[in-house]
Amino acid sequence: MQGSASRALGAASQGGLSRLPQAGSLGVSAGASRRHRMETDCNPMELPNNTAFEEDSDYTDFEGTEVKDMRLEAEAVVNDVLFAVSNMFVSKTLPCAEDVAYINVETRERNRYCLELTEAGLRVVAYDFDQTDERLQTPYHETVYSLLDSLSPAYREVFGNALLQRLEALKKESQS
């Protein structure tokens with residue numbers, strides 16, 4: 001990868017860019033309430049119809065502010081980086097709730113992981129799909145980009161190439 005792409009990848013993986021082709025961003029920022037909430041720039045209306053929740057459900061906390069369903073957050077994470085991994089989907093076996101969701105990811109190196117998504121961020125909870133290992137103590141990552149960057153050199157390369165292509169397209173756009 002070229003030096004400029006490496007620098008740009010580093011900036012993007014730290015939340016420096018908000019959008020790649022078919023990608024958004026996921027980071028931790030202070031929400032309207034006292035808790036930190038995961039933020040994405042993905043419009044929930046763009047998510048696939050297989051994300052089910054009851055319209056009559058009350059998704060508000062005691063302060064009356066909206067509480068995000070982590071399944072929706074997890075779907076946004078998957079949509080953000082699916083282009084750069086072999087397989088990624090929200091677990092249908094492990095329970096999703098307001099405060100936790102599980103994502104299965106297979107890297108291009110064919111390594112499988114089960115990720116936990118909470119307000120604290122994302123972390124590996126098992127080395128296979130639909131599993132959790134309480135003994136596994138892995139660090140939380142603020143972004144899915146940071147987590148995958150630490151797990152998969154092939155992800156890093158694909159992401160970096162996509163970023164470079166996007167930057168080149170923006171450069172051409174600004175020159176015309």
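With the gyration tensor restricted to C-alpha atoms of region 64-176, the semi-axes of the equivalent ellipsoid amount to 28, 18, 11 Å, longest first.
Listed values for region 141-146 are Karplus-derived 3J(HN,Hα) couplings in whole Hz (6.51 cos²θ - 1.76 cosθ + 1.60, θ = phi - 60°), namely 10, 5, 10, 5, 5, 4, and x replaces Gly and Pro. Counting only residues 5 or more places away or on other chains, whose amide H sits under 5 Å from the amide H of VAL125 once H atoms are built in the peptide plane? Here the answer is CYS114, LEU115, GLU116, since their amide H atoms fall under 5 Å of that of VAL125. Beyond 12 Å, the tail of the calculated P(r) for region 112-157 holds 60 percent of the Cα pairs.
Computed from the coordinates by the stated procedures, all read-outs in this text should not be read as laboratory data. Given the structure is predicted, the values throughout are model-derived calculations rather than measurements.
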